[in-house]
1. Right, A:PRO309: in contact with a helix residue (DSSP H, G or I) (Cβ under 8 Å, 6 or more places away or on another chain), within 11 Å of chain C (Cβ to nearest Cβ), at negative phi and free of Cβ contacts under 8 Å to residues at least 24 places away in the same chain or not?
2. Please work out which one of (1) in contact with a strand residue (DSSP E or B) (Cβ under 9 Å, 6 or more places away or on another chain); (2) without any contact (Cβ under 8 Å) to a residue 40 or more places away in the chain; (3) farther than 23 Å from B:THR52 by Cβ is the condition B:ALA149 fails and give its number.
3. What residue, of A:VAL130, A:VAL120, is out of contact with any Gly (no Cβ under 6 Å at 6 or more places or on another chain), closer than 24 Å to A:TYR238 by Cα and hydrophobic (A, V, I, L, M, F, W, C)?
4. Which of the following residues is more than 7 Å from every other protein chain (Cβ to nearest Cβ) and closer than 30 Å to B:ILE63 by Cα: B:SER115, B:SER121, B:SER110?
5. For B:PHE92, work out the one condition from (1) under 30 Å from B:SER25 (Cα atoms); (2) among the aromatic types (Phe, Trp, Tyr); (3) not in a helix (DSSP H, G or I) it doesn't fulfil.
6. Looking at region C:220-240, is at least one residue within 10 Å of another protein chain (Cβ to nearest Cβ), farther than 20 Å from C:TYR25 by Cβ and either among the hydroxyl-bearing types (Ser, Thr, Tyr) or part of a helix (DSSP H, G or I) (or both)?
7. How many of the residues making up region A:46-65 are touching a Leu at 6+ places or on another chain (Cβ under 6 Å) and β-branched (Val, Ile, Thr)?
8. Got a number for residues in region C:118-166 being outside any strand (DSSP E or B) and over 19 Å from the mean Cα position of the chain (by Cα)?
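The values are calculated or read from the model by the stated rules, or taken from the named source; none is laboratory data. Small disclaimer: the values here were computed from a predicted structure and weren't measured. All Cβ positions, glycine included, derive from the backbone under ideal geometry; neighbour counts span all protein chains shown.
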Amino acid sequence: MKKPLLALIGLIFVGFLIDLSFDAFIQLTLIYVLINMILAMSLNLVSGFTGQFSLGHAGFMAAGAYASAFLSTIFPMNPGPMQFVYFLFYAIAGGAVAGLAGYLVGLPTLRLRGDYLAIVTLGFGEIIRVILLNTKTVGGARGMYGITGPTDFTLGSWTISKFLIGYAHAIFWVVACFVVIWRIIRSHHGRAFLSVREDEIAAEAMGIHTTQTKVRAFVLSSFFAGVAGSIFAHYANYLNPASFSFNRSVDAVIMVVLGGMGSLSGSLMAATIITILPEALRPLQEITGVDLRMVIYSLALILLMILRPKGLMGTKEVNEFWRKYVRKTS
Amino acid sequence: MSAKLLEAKSITMQFGGLKAVDSLSFHINQGELVGLIGPNGAGKTTVFNMLTSVYKPTSGEVIFLSEPTVSLKPYQVARKGMTRTFQNIRLFKDLTVLENVLIGGTKDISYGFFSSILQTSKYFQQEKALKEKAIELLAIFGLEKKAHAPASALPYGEQRKLEIIRALATQPKLICLDEPAAGMNHQETHQLMETIAKIRKDFRLTVLLIEHDMKLVMGICERIIVLDHGVKIEEGSPQVIQSSPKVIEAYLGAEDIH
Amino acid sequence: MQDFIQHLINGISLGSIYALIALGYTMVFGILQLINFAHSDVYMIGAFAAYYAARTLGIDKNPGVSTLVILLIAAMAACSLLGFTIERLAYRPLRKAPKLNILITAIGVSLFLQYSGQVVFGADPKVFPAVLEDSVLFTLLGVEFKSLDLAVLFVTLVMMVLLHLLIYHTKLGRAMRAVSTNMNVAAMMGVNTDRIISFTFVVGSALAGVGSVLVGMKYPKIDPLMGMMIGLKAFVAAVLGGIGNIAGAVLGALIMGLSEEMVVGYLSSTYRDALAFGILIVILIFRPAGLLGKGGVEKV
């Protein structure tokens, strides 16, 4: 357990430096990068590692976001040093609700293959959105305002900023999501995921309960999507069903494919690129006067599929490239 | 007198109007090495698919270890102790040779989901034992040096061997081999047959072997079942089969005897 | 009762528009096993092509049968060309790639068309030119038969007949059926499969073009995202009927159109869009091959 803990402490320290040196806009973008990292890694578990193509990931994010926001109205946060614990609690609850939704969706649908599964998950994603749109208790189409978020607080002479709280919470889940998926993939349970992706019939012949395996992957993936939703809800302080449209599911798919199906480090890179790219292309909009960002973005996706279909990393992780490089040079 | 390990009771498989297998009955005794032969398209692989529950027979029953298995899922049949290889090779191509074998180790693993996340000592112990066992299995077929190569990088013959190793990793009582020597040259085939005879002894296995090349199975099988057009046309010792006019006719009608 | 018949007519009219679009999905799926996500945006481009054609030719305030015909031709031409180009540039290089990659490419093409549409046409809705006078042609048993509904039905019917003749009574149609049954065997028999695939895209896209003019005529507001919802519903219709099956697409579309009209008429319009997905999910769970589709056994 030592390494992840050290990584977490190191990353929180980095957040401390960011807190001192960057403005609120960059900080917000960074939080979105972290949320997308969780989203991409969790979808990668289902699509990249288990080979089940889902187009409804935004639906599970929405379930987690709304559940978590709703919960915070019942158990309001105490704006002191205990904030972190509250957010953790909201996130776990949001994740659990999303995981349950994943179970209910996954159980009947994971028998379907390929394109059919993609369409059904798309359908479920949309249905979750339409239900939220018609549920008055969570604001319906107007959305949900004033969701509790991190606040500044002082600890002796130290002021801990709301960014640092939000960042620490988000980075905690990024590390947790990474470690959980990384380690599961290196266990018998994870090898079952991989075998389902490779060949379901052979996996069954080896004694792998493929339906159960797929449902497990789906539930775990939905849980983390829900967690990502929870972080989003409490940092943005506002939720609207439109934030969880089909396009967000497609965004998640693009991140997974760009990074490489089956590569966690690829997902981290792709989430960073995909979140920052539209912001980085903003000056272009000022020069040309029209918003070409999404046009470029979609064109890049097509070219990526034709020219580099395995994404940036394929199924490899950064450290494997590193090892190869070291071996070659020594 | 040895006990019946597997019994097929008039199993039939119908695809649309075509009866791929027509009320076939046979049994396999504990420890036997039985050959299932027949010309191409005789329905041999369909029999395997029914035995391992990949297909549900249109009618008939399969009894394995004195229990009916038709309503079981393929993974349940595999866990009960019947496993198989595939004629068209279905390895986990993008995984390493070792990983392919490890996936068969469901019975050796009892640690749970959370143990693997927390990496408890139980996780480490079981993973270590499983890996050692997998390497031992690979060594029987001389593949231990290629443990970390991707399965798709192996030459054809070794891919077939890996399929057998992977099946052995599930600790089967009965192993069904679907044309394990297909695509191999004479010498490779000979070696493979010797290895099959050896593992059968070492692991106390019962083996059901599909082969459409008759001469191959004559050497090692104790009993042979001949299938043609989905129907059993002959059954008996290699000597009986070799001199059966029905078998010769079936083979000459379809192709030359190799 | 009158209400019911009125809903029935509206439902059939809506269903026949879905059918025109659903056919494009089902034909492409039948031949390539690809969900052509960009199909709905080809449809959108068809509406804009008709819009600009009407303005350029100065017939945008000149409703009549000749306008309808000209706009249909304009939309069909634009859509065919676009469908052909998409297949050629985006899908053909990926013919041997994993299915997932092609699916993602299709999503990419769809997004590209939507966002380019927003840049080129502007994101605000435009008013589609008046194509036909909307008048009550005759009244039967107290039910009004309007010119627009009848025109929709008539045009759809003509297209269906033409499509049927093409597929079942021409050499080209036979080649299409051969390629969709087994592409490799068709190729061995000397069918130029690439040409047939191109042709399938052209035909499917042209039908979407027809659909776009009919929709523009009935609901005269067009925008670059107009394809999304109707495309999804048409796709659901295709799956409902059994994707890859041409008669199934028409049947599924009629069921979709009718049930949607009934839900809106007798229940509530808020769940209009959820209905499509509800139907889809029920179908896929209980009868994944659709109403007229055949389930396949995977070869082991």
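1. Here the answer is yes, as A:PRO309 does meet what is asked.
2. All conditions pass for B:ALA149, except number (2).
3. Every option except A:VAL130 fails the conditions.
4. The conditions single out B:SER110.
5. (1)
6. No, the conditions are met nowhere in region C:220-240.
7. Total satisfying the criteria: 0.
8. Residues that pass the stated criteria total 18.
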